[in-house]
């Protein structure tokens, strides 16, 4: 027989003996009621419920000892708690114990002094602070679910066949040491909501029907589980082996939590930063150090109504006494000034026990908070994690992946596992699967906030002067080699700022700024996202900052290039503060500058109004690439390559077309329009068609049209 089966058998025997005593007491009370009725002189003389007998009919069964070999299992199943009273006690960090790893009951603790030799009802009474009378009253209510004979006996003892249920009055009559304060909402029966009171209309409390809470009934019977009223709101956290930098955070928090004296309330641990995955793993590791399982509660699921919130808090407090639990309140998307902050802080002040709060920035210290900064593993640690996950055959893949992606241990394992299960063999296939697997995990968040551009242009498509091409090559090289320079050569340890890579592309519309961004993305194999300013900039105070925060947080995992088009609209000169709107606009620019400096990826900003940009912003840009209006040589090169090889073209005079003062973007538009005109007419793309499309482009741009420039004479060899 298993340990659990043996303990359960002993627990069942204890309940059977205890319920036999309850039945005897009820039978005795019923018989006494019958005697009172038989000897009554007047039929309508009121019948008084007797006080508790001085000598009980039968003693409640003694605590049933459990063999020592079952102690370990029992303590893991039911955990260890100190006796509780209302208001609920705060668990002491000083009594922390190592996590239990036995597979039988992973949610439980190492045995405590209260004990492995105690039936579930006694454990419940000790933890929640029930007096002997309250414990026996609870047993009477629990017995209604376990013994079908009790309802009839309750009705007989109360001389009322319509009352086959326990009441406080009945408990006062049949149980030892009755105490009126058991009715108080401050006493454990009602504070912990161990019993439900059914009191319709004006019925007196003492005569109201009582029933035991289902969760409590099952606990007494030997089944310990998280209350099903909480399970829809909670998600169990998981942890994984943490890298040294994060393990140091865990050890620091555990040391701080063990400092308060026994009985002092634990502070709520405020985990700061944008990486919720790392914060959850750290929280669960800390909880495991105290023998607990942490559960995540999204802050937006906290009820706004005080009564509903109090019910949720009370249920959690009770569960914390019955199971070794920790709570992780996820308020990562809740700002310091949001309306819901107050109700979250109120809940933190009342929850008690081991509680974590996930926020991006520190909240005002209105509650007992221990604030801790949490960051992802360092670049070197991530490289080590990739190496450990992929093995020795990975070559330089770990360095390459760690240089472009900012992943935690969990996501690294996910990417590696997916690549191993989808790729049969070959280092090239594995590298391709790992890279695209990593890219696919960075896309979902950014796809909702920015427009993804599929890079198609290559270096041969760029028609720029040599200096500008060299600068673009330098940008691509710095992004590709930043892991070598920052980590292998030690620059990251020497510098706190200036590690971000940012570039400003300036020039008229159509001079190739977007194409250059595509070329870099294509060269590096990264995703390119164009920022839609209409979705970022808001007229409402604080909303632009919030949108920017979401954008940069989504891009922090790497694998992407952020391309801010028309950046002067967002990065313009900070205004003189004349009103609150100017002040908040400057705050938004300052916030943006901070995020640009800390952004791990490549940010490209494009503008055709360089003079409108804030000078402080320009100082923080590493590269400035000017895209000049294309000269004759550049325009001729663009015309020579603008039509695809598959296009049906006749001989085109690219030298003649290059005389038209147009940018590369306009030339691309002319070529496309000419192709549609030729396709509609069912002919090849000819010079007259191209010139006609060029004339339309000049008119669109409000450029002066000299008809001689657009006349084509075949007999004159194309000379106007």
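Mind giving me the FRET efficiency for residue 256 and residue 177? R0 is 25 Å, r the Cβ-Cβ distance, nearest 0.05 is fine.
0.05
Modelled label-to-label distance, residue 414 and residue 9, 7 Å Cα→beta-carbon offset: nm?
4.7
Subtracting the Cα-Cα distance from 0.36 nm times the residue separation, let me have the gained length for residue 668 to residue 159 in nm, one decimal.
173.5 nm
Sorting 128, 471, 237 on the 10 Å Cβ count, fewest up front, what's the list?
With the sparsest Cβ surroundings first, the list reads 471, 237, 128.
Pulled fully out, how much extra length does the chain show between residue 305 and residue 469, if you take 0.36 nm times their separation in residues and subtract their Cα-Cα distance?
52.9 nm
Using a Förster radius of 41 Å, what is the FRET efficiency between residue 231 and residue 361 based on their Cβ-Cβ separation? Nearest 0.05, please.
0.85
How long is the gain from residue 350 to residue 480 if the chain were fully straight, where each residue apart is worth 0.36 nm and the alpha carbon distance is subtracted?
Net length gain for the segment: 41.8 nm.
Stokes-Einstein at 10 °C, 1.306 mPa s, Kirkwood radius from Cα pairs: D for the range 632-716 in µm² s⁻¹?
After rounding, the answer is 123 µm²/s.
Would you work out the relative contact order for the range 379-447, in percent, from Cα pairs under 8 angstrom that are 6 or more residues apart?
28
Taking neighbour Cβ counts within 10 Å as the exposure measure, how do 266, 138 sort from fewest upward?
Ordered by Cβ neighbours within 10 Å, fewest first: 266, 138.
Sorted from fewest to most neighbouring beta carbons within 10 Å, what does the list 313, 561, 206, 604 look like?
With the fewest neighbours first, 313, 561, 206, 604 line up as 206, 313, 561, 604.
Return the Rg/Rh ratio of the range 354-454 with Cα-based radii and a Kirkwood Rh.
Across the range 354-454, the Cα-based Rg/Rh ratio is 1.10.
Could you work out how far apart the two model spin labels at residue 597 and residue 186 are, taking each label as a point 7 Å from the Cα in the direction of the beta carbon, and quote it in nm?
So the two model labels end up 5.5 nm from each other.
Suppose R0 equals 56 Å. What FRET efficiency, 1/(1 + (r/R0)^6) with r the Cβ-Cβ distance, do residue 388 and residue 700 give to the nearest 0.05?
0.45
Under a plain spin-label model, where a point goes 7 Å from the Cα along Cα-to-Cβ, how far apart in nm are residue 661 and residue 436?
4.7
Counting alpha carbon pairs within less than 8 Å and at least 6 residues apart, what relative contact order, in whole percent, applies to the range 632-716?
28
Taken together, the values in this text are just the output of simple stated rules run on the coordinates, not laboratory data. Keep in mind that what you see is a predicted model, and the values were worked out from it rather than measured. Please note: Cβ atoms are built from the backbone with ideal geometry, for glycine as well, and neighbour counts cover all protein chains shown.
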